[in-house]
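**Q** Right, I'll just put the structure down here and ask away after.
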Amino acid sequence: MPAPVTITHLGGVGEVGRNCTAIEYKGRVIVIDFGLMFPDSSMPGVDVILPDDRYLLDHADSIDGLIITHAHEDHIGGVTHFLAKFETELYGSALTMGVAGHKVSEGRLDERTWLHTVADGDTVKVGPFDVEFLPITHSVPGSNCIVVHSPQGVIVHTGDFKIDETPVDGRVTDLNRLRELSANPGVRLLMADSTNADLPGSSVSETEIGATLRDLFPGYRGRRVIASCFASHLHRVQQIADIAIAEGRTLFLVGRSMLNNVRIARDLGMLKIPERSLEPIDKINDYEPGQVCVICTGSQGEPQAVLARLAAGDHRDFSVGESDVVLLSSHPIPGNERSVFAVVNALVGRGAEVVHSGQVKVHTSGHAKRDELKVLHDAVSPEYFVPIEGELRMLRRHADLAIEQGLDADHAIVVSDGSQVVLDDNGVRLANQLPHRYRYVHGSGDLLDADVLADRRAMAEGVVLATVTVNKSASRVLAGPTVVSKGWATDDELDKLVPALEAELSRVVGAVLSGDKAGFKEIERVLRRTTGRFVSHKTRRRPPIMALVQIAD
Ligand SMILES: [Zn+2]
């Protein structure tokens, strides 16, 4: 009778991003992925959001390894935050460990980190588990499906995946091994990517995108081509590079993450671009437009990335203008549409022709659609299924798909962040729900709590501060009351409002001092209340009001 195995979901079930799953046996823990999520406009000043690591902190001395499925930020992006707290070993494919190693060096964590590169099909012992790494196709090379051989049976975690039968590097998903495991000893539990569980059909193969791009390029002869895609999408970079070079163009790579990823992949021999075809961006103006192909970051409209800079006309080395072609070889991540199209509009405003996935097939999803998910479920045919990596609506649709494929309805378990799923001799069940919160990170890596964030949102209407200086016995006003504000009203409005408010405050504070309730607390209370009423009555706005009583001799 083996002890139970417990799986704790620390992020990525209920949202797209910050993926993290912990698997525990007899108190020993392995972690799969520690990704980040980018904030939306309701989170001012937040840089990134991480998985909730409180469960891991409770097991800090018993973490045997962090396994990274692939080199996307929503799976690997939190690795330095993880390693700063937990001294442990990292496992992943060559490219994944290349990207992890770069982050580890940047975070100066080399001394306390051990990176293990695992080849396709290999099994390594991590803590109490044998962990097998299978090749799986996705939009970054070297993605792995993780098979955990546990005392409670085989657990399959797909990571992100699609089923691309003709990937650029020929490295196809190892469905045969999954079928083999399914037949013997059988798969106890499958956890699989749900991102596209709502979408019918199959995603287009990456090589088909190459064919579309190959058809497009001759139409741009004599013009500069600026192609933007995810820096991690190295197969896309390879295809664009191959086509551009065949057209006699020289490549200019721009953007920090693009340069880093290309360097790592070229060092590993996974990306083949001859040195003679590459030039630094400050040489771009030495070339005729028809000899140039820029490959850059910023396809999601990120404000600091190259494309947004070009759109704003403030890139140091070159600018976009008439006769240039900008190719957005990407699709906006849900939530990014506005910023992407703001960039597109600005580029069009500069006279460029912008080609994007809404017009021609210059992008394909890296996530399995429903027909591909069926192929996976058919190959694995698990005893139990937990959909992961997605918002609740995607998880539910994926669970329903598994049931349609023949799984017992009570064997498809929809979880949320903080859920603990237990595998024991009686079966697999949702056993516990831990409290869960987003870990907001801002500035130099410090954590931010939800109350501070709520204050920041409240300050969207500005802030008003009323202050007064009184003597030690709170019996006499020495200076003020004075009102200062930011973001509440225009200068012209303030010229009228502030003197009137200060006069009103002077009157109410005077009344407090001459009454029998005088005291610092009471003065502060009337300052705040009077200011709040005045601001709301005169301007119908509700900025946060601060009151401050200063004491002097
Ligand atoms: Zn991914």
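The values are calculated or read from the model by the stated rules, or taken from the named source; none is laboratory data. These numbers were taken from a predicted model, which means no experiment stands behind them. Cβ: placed from backbone, ideal geometry, glycine included. Neighbour counts: every protein chain shown. Remember, those area values only see protein heavy atoms, side chains included, never the ligands or the DNA or RNA. Shrake-Rupley method; radii C 1.70, N 1.55, O 1.52, S 1.80 Å.
**Q** Test residue 68 against the criterion of being within 21 Å of residue 112 (Cβ to Cβ) and in contact (Cβ under 8 Å) with a residue 12 or more places away in the chain, and give yes or no. Before the answer, list the steps.
**A** Details: within 21 Å of residue 112 (Cβ to Cβ): yes; in contact (Cβ under 8 Å) with a residue 12 or more places away in the chain: yes.
So residue 68 passes the test.
**Q** Has the range 428-449 got any residue that is open to solvent by less than 20 Å² (accessible area, probe 1.4 Å), of a type in the set (Gly, Ala, Ser) and not assigned by TED's automatic domain parsing to the domain that holds residue 520?
**A** No; the residues of the range 428-449 include none that is open to solvent by less than 20 Å² (accessible area, probe 1.4 Å), of a type in the set (Gly, Ala, Ser) and not assigned by TED's automatic domain parsing to the domain that holds residue 520.
**Q** Shifting gears a bit: Residue 124: of a type in the set (Val, Ile, Thr), assigned by TED's automatic domain parsing to the domain that holds residue 193, at negative phi and touching a strand residue (DSSP E or B) at 6+ places or on another chain (Cβ under 6 Å), yes or no? Steps first, please.
**A** On the way: of a type in the set (Val, Ile, Thr): yes; assigned by TED's automatic domain parsing to the domain that holds residue 193: yes; at negative phi: yes; touching a strand residue (DSSP E or B) at 6+ places or on another chain (Cβ under 6 Å): yes.
Judged against the criteria, residue 124 is a match.
**Q** Among the residues of the range 327-356, which ones are under 18 Å from residue 293 (Cα atoms) and in a helix (DSSP H, G or I)?
**A** The answer is 347, and nothing else.
**Q** When you look at residue 299, is it open to solvent by less than 10 Å² (accessible area, probe 1.4 Å) and either in the same structural domain as residue 241 (by TED's automatic domain parsing) or assigned to a loop (DSSP other than H, G, I, E, B) (or both), yes or no? First the steps, then the outcome.
**A** Working: open to solvent by less than 10 Å² (accessible area, probe 1.4 Å): yes; either in the same structural domain as residue 241 (by TED's automatic domain parsing) or assigned to a loop (DSSP other than H, G, I, E, B) (or both): yes.
Judged against the criteria, residue 299 is a match.
**Q** Does residue 100 satisfy being of a type in the set (A, V, I, L, M, F, W, C) and either touching a Pro at 6+ places or on another chain (Cβ under 9 Å) or free of Cβ contacts under 8 Å to residues at least 24 places away in the same chain (or both)? Spell out how you get there, then give the answer.
**A** Values: of a type in the set (A, V, I, L, M, F, W, C): yes; either touching a Pro at 6+ places or on another chain (Cβ under 9 Å) or free of Cβ contacts under 8 Å to residues at least 24 places away in the same chain (or both): no.
Considered against the rule, which asks whether it is of a type in the set (A, V, I, L, M, F, W, C) and either touching a Pro at 6+ places or on another chain (Cβ under 9 Å) or free of Cβ contacts under 8 Å to residues at least 24 places away in the same chain (or both), residue 100 comes out as no.
**Q** Would you say residue 16 is surrounded by 18 or more Cβ atoms within 10 Å (Cβ to Cβ) and modelled with pLDDT under 95?
**A** Numbers: surrounded by 18 or more Cβ atoms within 10 Å (Cβ to Cβ): yes; modelled with pLDDT under 95: yes.
In short, yes.
**Q** For the range 122-153, what are the residues that are open to solvent by 10 Å² or more (accessible area, probe 1.4 Å), of a type in the set (Ser, Thr, Tyr) and not in a strand (DSSP E or B)?
**A** 139 - this is the single residue of the range 122-153 that is open to solvent by 10 Å² or more (accessible area, probe 1.4 Å), of a type in the set (Ser, Thr, Tyr) and not in a strand (DSSP E or B).
**Q** Right, here's the next one. Output yes when any residue across the range 271-290 is closer than 23 Å to residue 72 by Cα and hydrophobic (A, V, I, L, M, F, W, C), and no when none is. Lay out the reasoning, then the answer.
**A** We begin by selecting, within the range 271-290, every residue closer than 23 Å to residue 72 by Cα; these are 271-273.
Of the ones still in play, those that are also hydrophobic (A, V, I, L, M, F, W, C) are 271, 273.
Within the range 271-290, one or more residues are closer than 23 Å to residue 72 by Cα and hydrophobic (A, V, I, L, M, F, W, C).
**Q** In this structure, does residue 382 turn out to be outside any helix (DSSP H, G or I) and surrounded by 15 or more Cβ atoms within 10 Å (Cβ to Cβ)?
**A** Working: outside any helix (DSSP H, G or I): yes; surrounded by 15 or more Cβ atoms within 10 Å (Cβ to Cβ): yes.
Criteria met by residue 382.
**Q** Ok, one more. Among all residue pairs at least 6 apart or on different chains, which show Cβ distances below 7 Å where the first residue, located in the range 19-46, is assigned by TED's automatic domain parsing to the domain that holds residue 9 and polar (S, T, N, Q) and the second is modelled with pLDDT under 90 and open to solvent by 10 Å² or more (accessible area, probe 1.4 Å)?
**A** 42/457
**Q** Let me ask something else about it. Count, please, the residues in the range 88-114 that happen to be open to solvent by 10 Å² or more (accessible area, probe 1.4 Å) and within 15 Å of the ligand (Cβ to nearest atom).
**A** Matching residues across the range 88-114 total 1.
**Q** Here is a list: 441, 421, 452. Which entry is closer than 30 Å to residue 42 by Cα, in contact with a Leu (Cβ under 7 Å, 6 or more places away or on another chain) and among the aliphatic types (A, V, I, L, M)?
**A** Numbers: 421 fails: closer than 30 Å to residue 42 by Cα; 452 fails: in contact with a Leu (Cβ under 7 Å, 6 or more places away or on another chain).
Sole residue among the options that is closer than 30 Å to residue 42 by Cα, in contact with a Leu (Cβ under 7 Å, 6 or more places away or on another chain) and among the aliphatic types (A, V, I, L, M): 441.
**Q** Next up: Considering only residues that are open to solvent by less than 20 Å² (accessible area, probe 1.4 Å) and out of contact with any helix residue (DSSP H, G or I) (no Cβ under 7 Å at 6 or more places or on another chain), which ones fall in the range 337-354? Break it down stepwise before answering.
**A** From the range 337-354, those open to solvent by less than 20 Å² (accessible area, probe 1.4 Å) are 340, 343-344, 347, 352, 354; that's our starting set.
Scanning the range 337-354 gives 340, 344, 352.
**Q** Would you check if residue 173 is buried (at least 16 other Cβ atoms within 10 Å of the Cβ), under 20 Å from the mean Cα position of the chain (by Cα), among the hydroxyl-bearing types (Ser, Thr, Tyr) and closer than 25 Å to residue 374 by Cα? Don't jump to the end; show me each part of the working.
**A** Numbers: buried (at least 16 other Cβ atoms within 10 Å of the Cβ): yes; under 20 Å from the mean Cα position of the chain (by Cα): no; among the hydroxyl-bearing types (Ser, Thr, Tyr): yes; closer than 25 Å to residue 374 by Cα: yes.
No, not satisfied.
**Q** Taking residue 479 as the residue in question, decide whether it is assigned to a helix (DSSP H, G or I), at pLDDT 80 or above, within 30 Å of residue 516 (Cβ to Cβ) and open to solvent by 30 Å² or more (accessible area, probe 1.4 Å). It would help to see each step written out before you state the result.
**A** Working: assigned to a helix (DSSP H, G or I): no; at pLDDT 80 or above: yes; within 30 Å of residue 516 (Cβ to Cβ): yes; open to solvent by 30 Å² or more (accessible area, probe 1.4 Å): yes.
Here the answer is no, as residue 479 does not meet what is asked.
**Q** Test residue 174 against the criterion of being within 22 Å of residue 239 (Cβ to Cβ) and assigned by TED's automatic domain parsing to the domain that holds residue 92, and give yes or no.
**A** Values: within 22 Å of residue 239 (Cβ to Cβ): no; assigned by TED's automatic domain parsing to the domain that holds residue 92: yes.
No; evaluated as a whole, the condition is false for this residue.
**Q** Starting from the range 311-328, take each residue that is under 17 Å from residue 362 (Cα atoms) and list its partners that are among the acidic types (Asp, Glu), counting only C-beta distances under 6 angstrom and pairs at least six apart or across chains.
**A** Correct list of pairs: 325/353.
**Q** Identify all residues within the range 129-184 that are away from the ligand (no atom under 16 Å from the Cβ) and of a type in the set (Lys, Arg); write none if there are none.
**A** Within the range 129-184, 177, 179 qualify.
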